[in-house]
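*Asks:* Sharing a structure, written as structure tokens. Questions coming.
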Amino acid sequence: AAASGVCIKSSLGTASIPWDRVRRLELGGLPYRAIHAPDYKIVLDNRSILMARRIEMCGDTLEAELLIGVTLRLAPAAIDKIDVLRGRVRRLSSLQPSAYRQQPLFGAVWPLMVNKNALGRSIKVGQRRYRHGIGLHAPATITYDLHGRFAWLVLAPAMDDSAATSGHGSIQIRADGQIIYSSGDLITGQPVKFIKLPLANAKWLTIRAMSPSPFATRSRIDLLRPCLILK
């Protein structure tokens, strides 16, 4: 790849294609007689596709080892979705909670929302829509029975754009009763930051969404792309 376009070399010769003729690039596609099959399919915002054998959060970036042997570091904001093709990762939203409790306010009740915000609409943070996530209205508590199967939890807690300037809240995460993460105050407009938390094969995962006041009406917290990773 160059500023003018893409240069393709093959047994048939070399060809140069200008960028205005390129709709998307697919890197790491499965070659003929490949030894390794991809574990992950990463779709970028520009609809380009990366096929990877390994992904890992490294600070604020996602490190992806492609089938072609190249390792890339990607900003989470550039990723539209990640499809798990093999079995090391489970979306938290695919699990049925063993318990969910939400404190009603003046008779209003907010159920647990999967792939939607607390209002049942599209998850939107920083003017960007997210396909996968969990929407909560604080105060609320979710508990999952993990059966000791997972080593890591990856997610980004954020305040949904629908909360506007009135949105305040925080997240606390416990593994087998021990606090492993506290977010601090979440407000709209904050940069999205993905975190990787050790579960140490915990049996129980508890996520608490907390509001600064029992009368808060816009503590609409999103858990963006929450995933559980096996050892």
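The values are calculated or read from the model by the stated rules, or taken from the named source; none is laboratory data. Only a predicted model underlies this, so the values are computations on that prediction, with no experimental measurement involved. Reconstructed Cβ throughout: ideal geometry from the backbone, glycine too, with neighbour counts over all protein chains shown.
*Asks:* Residue check, H132 against (1) at pLDDT below 90; (2) more than 25 Å from R54 (Cβ to Cβ); (3) crowded, with 16+ Cβ neighbours inside 10 Å; (4) of a type outside the set (V, I, T), all met but one. Which one?
*Replies:* (2)
*Asks:* Still on this model: If G120 satisfies every condition in (1) crowded, with 19+ Cβ neighbours inside 10 Å; (2) closer than 27 Å to I82 by Cα; (3) more than 18 Å from the chain's Cα centre (by Cα) but one, which is the exception?
*Replies:* Going through the list (1) crowded, with 19+ Cβ neighbours inside 10 Å; (2) closer than 27 Å to I82 by Cα; (3) more than 18 Å from the chain's Cα centre (by Cα), G120 breaks only (1).
*Asks:* Let me ask another. Which residues, counting only those in segment 155-202, are farther than 24 Å from P111 by Cα and of a type in the set (K, R)?
*Replies:* Hits for segment 155-202 are K193, K196.
*Asks:* Only one of (1) on the phi > 0 side of the Ramachandran plot; (2) touching a strand residue (DSSP E or B) at 6+ places or on another chain (Cβ under 8 Å) is not met by P198, so which one is it?
*Replies:* The single condition P198 does not satisfy is (1).
*Asks:* Sticking with this one: Please enumerate the residues belonging to segment 212-231 that are polar (S, T, N, Q) and buried (at least 22 other Cβ atoms within 10 Å of the Cβ). Show your work before the answer.
*Replies:* The first filter runs over segment 212-231 and keeps only residues polar (S, T, N, Q), leaving 213, 217, 219.
Correct list: S219 only.
*Asks:* Assess whether I187 counts as being closer than 16 Å to R91 by Cβ and either out of contact with any Asp or Glu (no Cβ under 9 Å at 6 or more places or on another chain) or surrounded by 20 or more Cβ atoms within 10 Å (Cβ to Cβ) (or both).
*Replies:* Numbers: closer than 16 Å to R91 by Cβ: no; either out of contact with any Asp or Glu (no Cβ under 9 Å at 6 or more places or on another chain) or surrounded by 20 or more Cβ atoms within 10 Å (Cβ to Cβ) (or both): yes.
Here the answer is no, as I187 does not meet what is asked.
*Asks:* List the number of the failed condition for R86; all other conditions in (1) of a type in the set (D, E, K, R); (2) farther than 23 Å from D145 by Cβ; (3) surrounded by fewer than 17 Cβ atoms within 10 Å (Cβ to Cβ); (4) at pLDDT 85 or above hold.
*Replies:* For R86, the exception is condition (4).
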